[in-house]
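In what follows, a structure is listed as structure tokens, so that the remarks can point back to it.
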Ligand code: SRM
Ligand code: SF4
């Protein structure tokens with residue numbers, strides 16, 4: 001039976017990612033896909049899920065699970081125009097449940113799309129000139145780029161670089177266009193040359209990001225391949241390159257672990273594509289094709305050594321890395337409210353809790369729709385107003401002429417979107433992954449639990465007179481690490497319903513992994529532990545000392561990977 005095939009076999013036999021997806025879409029008997037097509041549809045940006053809140057009840061009623069598809073966009077650097085926003089809003093309100101969801105990699109996700117509407121939804125997304133190709137699957141994923149809006153010229157150039165690289169690394173297969181957009185099949189269809197990926201694509205997902213110091217909002221050290229811009233006179237003068245970052249782990253399996261990227265050296269501004277292609281093809285050829293848990297680049301690099309990997313990338317690209325250039329990160333979060341870019345235009349960063357944009361207690365979806373509609377008519381030269389999703393699941397309304405700020409502020413206030421003005425620093429910076437009810441891998445709540453745990457954490461901070469402390473808190477429903485929890489000063493990693501591993505000791509720059517402090521504890525134990533530590537922090541901390549740094553200095557935790565060579 002085909003479901004016994006390995007993922008490698010499924011990819012190889014898929015006719016370049018087509019499989020039998022067309023037939024599976026037409027099968028009226030089930031809301032699901034057969035196993036092989038389920039694997040393949042990921043390469044088209046979609047996951048088969050089921051509503052886990054309803055699982056038990058449906059089982060009792062002898063019904064199949066409440067299947068729905070998640071769809072993720074490919075939006076390099078997280079930029080969309082107001083026109084695109086309105087079209088994506090239409091997709092969310094027409095086909096999906098739970099609104100628009102900004103992800104930790106600057107994409108949108110739609111949840112709960114039923115199979116019979118999957119194709120129409122894909123087409124509606126494409127009508128916004130946005131596709132979902134390679135948003136998931138064993139390929140290069142959505143490329144991240146700094147969202148911090150200060151340095152306008154550098155931003156424009158790294159966004160253009162992210163988009164160009166994303167295009168270069170996209171699969172050449174026309175499967176997406178045939179299956180979803182009814183492109184006609186031509187001779188050779190199903191056998192397209194895949195010069196970068198080959199017949200079986202990559203052993204595992206691959207992630208790339210571009211950072212602009214001093215802000216590390218993209219968490220560059222969590223990327224398989226990271227580019228750190230060295231800016232001179234407002235332009236990118238060089239890139240430092242990192243490789244082998246990643247967060248995913250499995251509870252109790254020491255073969256798996258989070259890892260910070262290693263600094264390989266620096267390259268010239270125009271060498272990004274050659275280096276990225278060489279790194280990807282090296283991982284294609286060297287990565288583990290047997291054990292998927294061990295197939296990320298971080299394990300390849302640890303198995304072969306950083307130097308061997310670096311030399312191979314140099315040989316394949318014909319580029320020799322120069323010594324790393326000096327740089328300094330100060331922060332990996334977002335800066336909220338209005339800031340003016342060097343080109344005189346204004347940018348407003350809004351806090352979106354867990355990236356979820358819904359009409360609920362507040363009319364956030366409606367508010368942003370009205371803002372997008374207004375921006376369509378703003379009379380301004382290039383660069384035009386746009387939306388930028390941030391890697392911390394927030395939203396920047398960018399390139400706004402001075403005269404438009406009052407109107408936007410009014411819409412923001414009317415629709416309760418000014419969360420950043422009142423939220424505690426803890427709440428402003430917290431990140432939660434999606435987890436239940438859609439994520440099939442979730443062991444515990446994350447996004448839905450975030451407001452409650454934040455309220456309790458805030459109460460503790462208030463007790464100790466620490467309400468103004470910007471503690472970075474991250475929560476994931478399982479150890480895969482989608483909220484990049486291993487970089488949080490305080491993090492909860494789901495173990496079972498209501499139970500988490502308490503991780504402590506990350507920093508504010510995304511340069512230090514936290515460590516396991518208490519395993520498999522419930523909320524009462526989490527709060528009791530934090531209570532004690534915050535009491536010490538309140539009295540023993542140094543001037544301006546962050547909580548994570550305090551925990552390390554005072555020996556409460558021994559940070560596992562200080563990555564000292566990077567700490568400028
Ligand atoms: Fe993730 C799997 C959601 C960013 C590491 N991730 C999943 C799946 C698709 C579950 C599944 O495989 O069935 C989740 C879908 C949940 C849902 O219902 O929507 C999921 N990941 C997410 C998002 C939506 C989290 C969020 O709250 O925003 C993020 C989408 C990013 C995007 O737009 O592409 C997301 N995932 C990440 C990140 C953060 C990052 O990339 O900066 C990581 C850690 C970095 C890394 O890759 O090492 C991450 N996701 C994983 C892993 C562990 C991979 C590993 O190396 O072991 C899995 C599980 C897997 O691949 O087998 C996973
Ligand atoms: Fe799902 Fe785990 Fe990722 Fe959270 S961290 S979205 S629970 S895979």
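Quick check on the exposure proxy: order 227, 550 from fewest to most C-beta atoms within 10 angstrom. Show your work: numbers first, answer last.
Working: 227 31, 550 18.
Result, fewest neighbours first: 550, 227.
Provide the three semi-axes, in whole Å and in decreasing order, of the ellipsoid equivalent to the chain as defined by the square roots of 5 times the Cα gyration tensor eigenvalues. Can you show the working numbers first?
Working: eigenvalues 216, 159, 147 Å².
Rounded to whole Å, the semi-axes are 33, 28, 27.
Place a label point 7 angstrom from the Cα of residue 62 along the Cα-to-Cβ direction, then list the residues of segment 12-27 whose backbone nitrogen is under 20 Å away.
none
Got a sec? How would 89, 138 order by Cβ neighbour count within 10 Å, fewest to most?
Going from sparsest to densest Cβ surroundings: 89, 138.
Under 16 Å from a label point 7 Å along Cα→Cβ of residue 422: give me every residue in segment 356-399 with its amide N that close.
Under cut-off, by backbone N: 360-364.
Could you line up 21, 521 from fewest to most neighbouring Cβ atoms inside 10 Å?
Ordered from fewest to most neighbouring Cβ atoms within 10 Å, 21, 521 come out as 521, 21.
Which percent, to the nearest 5, of DSSP beta bridges fully inside the chain are antiparallel?
80 percent
Stretched out fully, how many nm does the piece from residue 163 to residue 322 gain, at 0.36 nm a residue minus the Cα gap?
Contour length minus Cα-Cα distance gives 54.7 nm.
Expressed in whole Å with the largest first, what are the equivalent ellipsoid semi-axes of segment 87-200 derived from the C-alpha gyration tensor as the square root of 5 times each eigenvalue?
Numbers: eigenvalues 127, 104, 28 Å².
For segment 87-200, the semi-axes come out at 25, 23, 12 Å.
Cut-off 16 Å, label point 7 angstrom out along Cα-to-Cβ of residue 93: give me the residues of segment 350-380 whose amide nitrogen falls inside.
Only 357-376 pass the distance filter.
What is segment 277-354's relative contact order, in percent, from Cα pairs under 8 angstrom and six or more apart in sequence? Please list the in-between numbers first.
Numbers: 45 pairs, mean separation 15.5, N = 78.
Taking the mean separation of contacting Cα pairs over the length of segment 277-354, I get 20 percent.
Can you divide the C-alpha Rg of segment 421-568 by 2.2 N^0.38 Å and report the result to two decimal places?
For segment 421-568, the normalised Cα radius of gyration comes out at 0.98.
How big is the Kirkwood radius of segment 386-490, worked out from every pair of different alpha carbons and given in Å to one decimal?
One decimal place: 15.5 Å for the Kirkwood radius.
Calculate the length of the line joining the C-alpha centroid of segment 226-240 to that of segment 344-395, in whole Å.
Here the two parts' Cα centres lie 28 Å apart.
Starting from 0.36 nm per residue, how many nanometres of slack lie between residue 184 and residue 374 once their C-alpha separation is accounted for?
On the way: separation 190, 0.36 × 190 = 68.40 nm, distance 3.82 nm.
The span from residue 184 to residue 374 would gain 64.6 nm if fully extended.
Compute the Cα gyration tensor for segment 1-90, then decide on rounded, prolate or oblate, letting a ≥ b ≥ c be the square roots of its eigenvalues: rounded whenever a/c is under 1.5, prolate when a/b is larger than b/c in the other cases, and oblate in all that remain.
Verdict is oblate for segment 1-90.
So for the chain, averaging the separation of alpha carbon pairs under 8 Å that are six or more residues apart and normalising by length, what relative contact order in percent results?
Normalised by residue count, the contact order of the chain is 13 percent.
Show that you can apply the helix-only estimate: for the chain, add -39,500 (n - 2.57) for every DSSP H stretch of four or more residues, divide by all residues, and state [θ] at 222 nm to the nearest 500.
Roughly -9000 deg cm²/dmol at 222 nm, from the helical runs in the chain.
Full-extension gain between residue 117 and residue 554, please, as 0.36 nm times their residue separation minus the C-alpha to C-alpha distance. Intermediate values should be presented prior to the final figure.
On the way: separation 437, 0.36 × 437 = 157.32 nm, distance 5.55 nm.
Length gained between residue 117 and residue 554: 151.8 nm.
Given an 8 Å cut-off on Cα distances and at least 6 residues of separation, report the relative contact order of segment 339-495 as a percent.
Reported relative contact order: 21 percent.
Where a number appears in this text, it was derived from the coordinates with a stated rule and is not lab data. Model, not experiment: these values are computed from the prediction. Every residue, glycine among them, receives a Cβ derived from its backbone with ideal geometry; neighbour counts consider all protein chains shown.
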